[in-house]
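Every read-out reported here was derived from the displayed coordinates using simple, explicitly stated rules and does not represent laboratory data. Since the structure is predicted, the reported quantities are computational estimates derived from the model, not experimental observations. Please note: Cβ atoms are built from the backbone with ideal geometry, for glycine as well, and neighbour counts cover all protein chains shown.
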Amino acid sequence: MDCVYSSLRRRPEAPPAEAGEVAEVLGILWAHAMPEDGLEHISGSLDNDRVDLLLYFLSPRPVPPAARGPLHRAAALLARGHQASPTLRRRYLPPAGEPGPQAGGPRRAKA
């Protein structure tokens, strides 16, 4: 399983966060997840200027040559959810673009 940390930054003109906002964001992302994303779990927490997210993805074994890494799958899911949801567009800035080509696979700890 691969874990990706990401955030959605709140628009400066957006109203203050309300109770239940994290659950709403998580529900929107689940609604726009696709089977090929391999999404297994999402958790989140709210800060004054953003919502922080941990997205957990299945790690395909063996990894097919054309497989998109977890950072790409997370970026695609956030972009898809933001584009499709008026609520996310109203409250949050668009997510950052696709990660660079070096971000294809998970990071490994140095021995």
Item to check | Amide H contacts under 5 Å for ARG50, placed H, 5+ residues apart | outcome: ARG10
Next on the checklist: Which residue, GLY20, ALA79, VAL51, has the largest displacement toward the positive end of the dipole of the range 6-86 when charges sit on each Cβ (Lys, Arg +1; Asp, Glu -1)?
Outcome noted: ALA79
Checklist entry - Taking amide H positions as placed 1.01 Å from N in the peptide plane, with prolines and chain starts having none, which residues 5 or more places from SER59, or on another chain, fall under 5 Å of its amide H? => result ASP2
Checklist outcome for this item: Lys and Arg at +1, Asp and Glu at -1: neighbours of MET34 with Cβ under 12 Å from its Cβ sum to +1
Item to check | For the range 81-95, Karplus couplings with θ = phi - 60° (6.51, -1.76, 1.60), whole Hz, Gly/Pro x | outcome: x, 5, 5, 8, 10, x, 5, 5, 5, 6, 8, 10, 5, x, x
Checklist entry - Which ³J(HN,Hα) values, rounded to whole Hz and listed in residue order, are derived for the range 44-60 from phi using the Karplus coefficients 6.51, -1.76 and 1.60 in 6.51 cos²θ - 1.76 cosθ + 1.60 with θ = phi - 60°, glycine and proline given as x? => result x, 9, 9, 10, 4, 10, 6, 10, 8, 10, 10, 10, 10, 10, 5, 9, x
Item to check | In sequence order, calculated HN-Hα J values of the range 17-25 (Karplus, 6.51, -1.76, 1.60; Hz; x Gly/Pro) | outcome: 5, 10, 4, x, 5, 4, 4, 5, 4
